[in-house]
1. Assuming G205 fulfils every condition listed in (1) surrounded by 21 or more Cβ atoms within 10 Å (Cβ to Cβ); (2) on the phi < 0 side of the Ramachandran plot apart from one, which condition is it?
2. I'm checking my understanding of the structure. Among residues of the stretch 244-264 that are among the β-branched types (V, I, T) and assigned to a helix (DSSP H, G or I), which one is surrounded by the most Cβ atoms within 10 Å (Cβ to Cβ)?
3. Can you tell me which residue in the stretch 223-259 is nearest to the chain's Cα centre (by Cα), limited to those that are hydrophobic (A, V, I, L, M, F, W, C) and under 22 Å from P56 (Cβ atoms)?
4. Select from the stretch 59-76 the residues that are β-branched (V, I, T) and at pLDDT below 95 and write down the one among them that is farthest from A129 (Cα to Cα).
5. Identify, by number, the condition in (1) loosely packed, with under 15 Cβ neighbours inside 10 Å; (2) in contact with a helix residue (DSSP H, G or I) (Cβ under 9 Å, 6 or more places away or on another chain); (3) of a type in the set (D, E) that D277 doesn't meet.
6. Name the residue that is nearest to K45 (Cα to Cα), counting only residues in the stretch 223-243 that are outside any helix (DSSP H, G or I) and touching a Ser or Thr at 6+ places or on another chain (Cβ under 6 Å).
7. Name, by its number, the condition in (1) polar (S, T, N, Q); (2) over 23 Å from L269 (Cα atoms); (3) touching a strand residue (DSSP E or B) at 6+ places or on another chain (Cβ under 7 Å) that does not hold for S116.
8. If you check every pair at least six apart or on different chains, which have Cβ atoms under 8 Å apart with a residue in the stretch 277-289 that is more than 18 Å from L54 (Cβ to Cβ) first and a residue that is among the charged types (D, E, K, R) and outside any loop (DSSP other than H, G, I, E, B) second?
Amino acid sequence: MEEKSKTASEKPKKKDPREKLLKPNGKPLILKSSPHLLSNYSVEKIMRGVIFALLPTTILGVVFFGWRALLMILVGIISCVLTEVIFDLISGKKFKLTDGTSVLTGLLLVLTLPPSFPISGVILGSVVAIFIGKMIFGGLGYNIFNPALLGRAFLQASYPVKMTTWTLPKFVGADAVTGATPLGLFKFEHVLTNIKPLILGNVGGSIGETSAIAIILGGIFILIKKYADWRIPLSYIGTVFILGGIFWLIDPVQYPNPIFHVFAGGLMLGAFFMATDMVTSPITNKGSWIFGIGAGVVLITIRLFGGLPEGVMYSIIFMNGLVPLINRYTQPKVFGEVKK
């Protein structure tokens, strides 16, 4: 009897067919409460897509402002990557170079800088963008403000003269020629720039903010790929156009036309590539509308009544700070919820 029982216990057990469901491809299936969302998106894929979308703007920036613009871009990217590597080594975290977030931060930061900005300032801004704008908060997904814009805000306060010294594109004049941006010309001299140069990018300004058509092409790509919420750029640009148009109708001499508002400055770059940052923008549809409209109101207020000709950076950072509040009060109702 003992031998029979021993033989029976040694027989191989039948495999439970449910194991294939629990461990597809040998990987355990993580069970969590609903809702369940299956998606092919990943941080790496989205970052690569956004960087690809910025290539037209980056290439035209180098074409218009020369090899120094390319040097600034490379220095900014390398500085951001090294800052995150050093921080992770000190804190004992595992660094993921493949996610591309630090590369995108460095690229966006430099695209918002004047072509003549010092290389040392690019390095400093990159360190601040990653260390203070991202890692201090806990890394990717925890930062409150857009890191690239936070780095630029620091440089704006540290290098006020350098940040407002503009080099005209080499197709307009010599590399050493400096001049105001179209927004600055109108703000301080009431000189209105034609729309065509603003669309093509052959005007003074930051490296990546001059060519509206290049930014729009990249923006359409990330919207089609659903890497960004279309409600934010639409409400942001739409608010600027409507409010700018209202003031223009009231006094067309004192205020520029709404088309100029849309294509001049950093509105396009900010609306498509910075305001839509998934970490620092609202997660609800209603919140996205509120975010874009609020940023548009702040921008028009600064442009028309503030002491600065441009306010894209401040409008987005200001709304970044309100995102937790917006998310809290725009949450959709739970199915079946009844008002008290």
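1. Failed condition: (2).
2. Taking the stretch 244-264 and keeping what is among the β-branched types (V, I, T), we get 246, 250, 253, 259, 262.
Those left that are additionally assigned to a helix (DSSP H, G or I): 246, 250, 259, 262.
Values: I246: 12, I250: 9, I259: 15, V262: 19.
Out of the qualifying residues, it is V262.
3. Among residues in the stretch 223-259 that are hydrophobic (A, V, I, L, M, F, W, C) and under 22 Å from P56 (Cβ atoms), the one nearest to the chain's Cα centre (by Cα) is A228.
4. Here is the first cut: in the stretch 59-76, the residues β-branched (V, I, T) are 59, 62-63, 73, 75.
Restricting the remaining residues to those that are at pLDDT below 95 gives 59, 62-63.
Working: I59: 23, V62: 23, V63: 26 Å.
Only one residue fits best here, namely V63.
5. Status for D277: all satisfied but (1).
6. A228
7. Result: S116 passes all but (2).
8. N285/R231; S288/R231; W289/R231
The values are calculated or read from the model by the stated rules, or taken from the named source; none is laboratory data. No experiment lies behind these values; they were computed from the predicted model shown. Heads up, the Cβs are rebuilt from the backbone with ideal geometry, glycines too, and the neighbour counts pull from every protein chain shown.
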